[in-house]
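What follows is a short report on a single structure.
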Amino acid sequence: MTTDFGYILLFIIAAMALIGLMLTIAKFLRPHRPNEEKLTTYESGEDPLGNANIRFNVRFYVIALIFVLFEIELLFLFPWAVVFGNEDLINQTDGLWGWFALAEMTVFIVILIIGLAYAWAKGYLDWVRPTPLVPEVKSPVPMDLYQKVNEKYKKQ
């Protein structure tokens with residue numbers, strides 16, 4: 001007789017086997033055509049030019065944090081709408097429950113709008129492509145090799 005933990009183990013084993021089977025089938029069905037463009041490093045929309053030891057644009061992180069902030073806002077809106085839209089609670093409190101819910105969410109959204117306005121006023125949302133500063137690094141690789149690679153990718 002199988003226990004509850006045995007069923008869980010069987011589900012885990014079946015899930016791993018199914019994932020492995022799907023990945024194996026996908027490997028045989030998908031096209032495999034690597035080229036230089038596909039094999040280049042891609043990070044945050046910036047073309048990889050020059051030496052990798054340059055400063056990274058901090059605005060990528062600021063935009064990501066603002067995006068996460070508004071995603072969390074959406075996570076709070078759905079349960080709020082379900083709980084505070086309860087018709088029984090609104091009827092029991094003669095409509096005060098609905099006004100309380102509206103005031104609570106208004107305060108929440110106003111705080112988020114103030115945060116967005118602050119980020120906008122400080123210029124964190126302005127997208128200015130920085131000019132890369134090439135640091136002086138003592139490298140065993142000559143700089144002209146970097147220039148050849150950059151020229152090769154500019155032609156493509």
Here the residues within region 1-42 that are loosely packed, with under 10 Cβ neighbours inside 10 Å, within 30 Å of the chain's Cα centre (by Cα) and not hydrophobic (A, V, I, L, M, F, W, C) are Lys27, Arg30, Pro31, His32, Arg33, Pro34, Asn35, Glu36, Glu37, Lys38, Thr41
Take the residues in region 69-102 that are over 30 Å from Ala119 (Cα atoms) and among the β-branched types (Val, Ile, Thr); name whichever of them is surrounded by the most Cβ atoms within 10 Å (Cβ to Cβ). Ile90
Residue by residue through region 32-84, note down the ones that are within 29 Å of Asn150 (Cα to Cα), part of a helix (DSSP H, G or I) and either modelled with pLDDT under 65 or β-branched (Val, Ile, Thr) (or both). Val62, Ile63
Restricting the first residue to region 132-156 and requiring it to be at pLDDT 80 or above, which pairs with a second residue that is not aromatic (Phe, Trp, Tyr) meet a Cβ separation below 8 Å and a spacing of at least six or different chains? Asn150/Leu49; Asn150/Gly50
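The values are calculated or read from the model by the stated rules, or taken from the named source; none is laboratory data. This one's a predicted model, so the numbers in the text were calculated from it and none came from an experiment. Reconstructed Cβ throughout: ideal geometry from the backbone, glycine too, with neighbour counts over all protein chains shown.
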